[in-house]
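Single-structure report; data block below.
The values are calculated or read from the model by the stated rules, or taken from the named source; none is laboratory data. Please read all numbers here as calculations on a predicted model, not as lab measurements. Cβ sites come from the backbone with ideal geometry, for glycine too, and all protein chains shown count toward neighbours.
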Amino acid sequence: MILVAILMGTLVAGIGSVWLAAALSFGALARYTQHMLSLAAGALMATAFLHLLPEAFESQAGAKDLFLTLLLGLVFFFLLDKAELWHHGHEHHHHGADHAHDHDHTPPQPGSWAILTGDSVHCFGDGILIASAFMADMRLGAIAALAVLAHEVPHHMGDLMVLRSGASNKRMALVKVSLAGAVTSLGGIAGYWLVDLLHDYLPYFLVVASSSFVYVALADLIPQLQKRLSLAETVAQITWLAVGIGMVTVLSGLAHGH
């Protein structure tokens, strides 16, 4: 019975949050792409610095180990990005010398693998958290699942914007982020069977996920926002960045309030 509840809770939190984010991103807000990139950067940085990292550092794990994990995570996602861009360039090379430098057809998506890897790790961690809550108390589990659903929405809006900024295919972006969201259920099942064993590693999951979000925000999103803009456009950019941070802060606060 608990396992069924964990599966339901993790599916609602993991995939429900992605579809809700897609409805918001691709619906009314779709025309404000530039604003959404600012919101995404704010949401990703806030998720890392105000939600995941504090939770990791509240654990018994040593600060030095966690900072080392963060550093290695940033380097790993940098290399992942390099491999992705190199592979992309390599593919172009094979399509013929004439088109070797023609990047108009399939622009590379810096940050997309970093986002999906980090998302999967984050969702796995969320699944373990939800499973732990359900095993303590069914009501607590339901609250945890809803809390994860709520605070994942602005974050998944960010993910979808990162994937969309590299390719125009909405459906593909939605499928990729939904698959990452589905990893929440794997985390839930793993948490159900191995909750005591995995509990010690949870801080490291949180830090690795954080490193991917920080990397994507600073290496991919912020540079896209560093354009010479009018005063009004700059104010709008900063406002949307603040909205992204604010959404995550408020929803994380509600999640921790329980």
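Remarks
- Yes/no for residue 180 being crowded, with 22+ Cβ neighbours inside 10 Å, among the aliphatic types (A, V, I, L, M), in contact with a Cys (Cβ under 8 Å, 6 or more places away or on another chain) and assigned to a helix (DSSP H, G or I): yes
- From the list 173, 147, the one residue that fits, being under 20 Å from residue 16 (Cα atoms), surrounded by 24 or more Cβ atoms within 10 Å (Cβ to Cβ) and hydrophobic (A, V, I, L, M, F, W, C), is 173.
- Scanning the range 133-180 for residues that are at pLDDT 85 or above and in contact with a Phe, Trp or Tyr (Cβ under 7 Å, 6 or more places away or on another chain) yields a total of 0.
- Screening residue 136 with (1) under 14 Å from residue 22 (Cα atoms); (2) of a type in the set (A, V, I, L, M); (3) without any contact (Cβ under 8 Å) to a residue 40 or more places away in the chain gives one miss only, at (1).
- The lone exception for residue 130 - which of (1) under 16 Å from residue 215 (Cβ atoms); (2) surrounded by 18 or more Cβ atoms within 10 Å (Cβ to Cβ); (3) modelled with pLDDT of 80 or more it fails: (1)
Rundown of residues vs (1) within 18 Å of the chain's Cα centre (by Cα); (2) modelled with pLDDT of 85 or more, yes/no style:
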| position | (1), (2) |
| --- | --- |
| 8 | no, yes |
| 13 | yes, yes |
| 17 | yes, yes |
| 20 | yes, no |
| 30 | no, no |
| 54 | yes, yes |
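- The range 49-70: number of residues that are surrounded by 12 or more Cβ atoms within 10 Å (Cβ to Cβ) and part of a helix (DSSP H, G or I): 15
- Restricting the first member to the range 195-210 and to residues that are under 12 Å from residue 61 (Cβ atoms), and the second to residues that are assigned to a loop (DSSP other than H, G, I, E, B) and modelled with pLDDT of 80 or more, the beta-carbon pairs closer than 6 Å and six or more apart or on different chains are 203/59; 203/61.
- Test: residue in the range 88-96 that is among the acidic types (Asp, Glu) and modelled with pLDDT of 70 or more: no
- Every condition in (1) under 25 Å from residue 245 (Cβ atoms); (2) free of Cβ contacts under 8 Å to residues at least 60 places away in the same chain holds for residue 215 except the one numbered (2).
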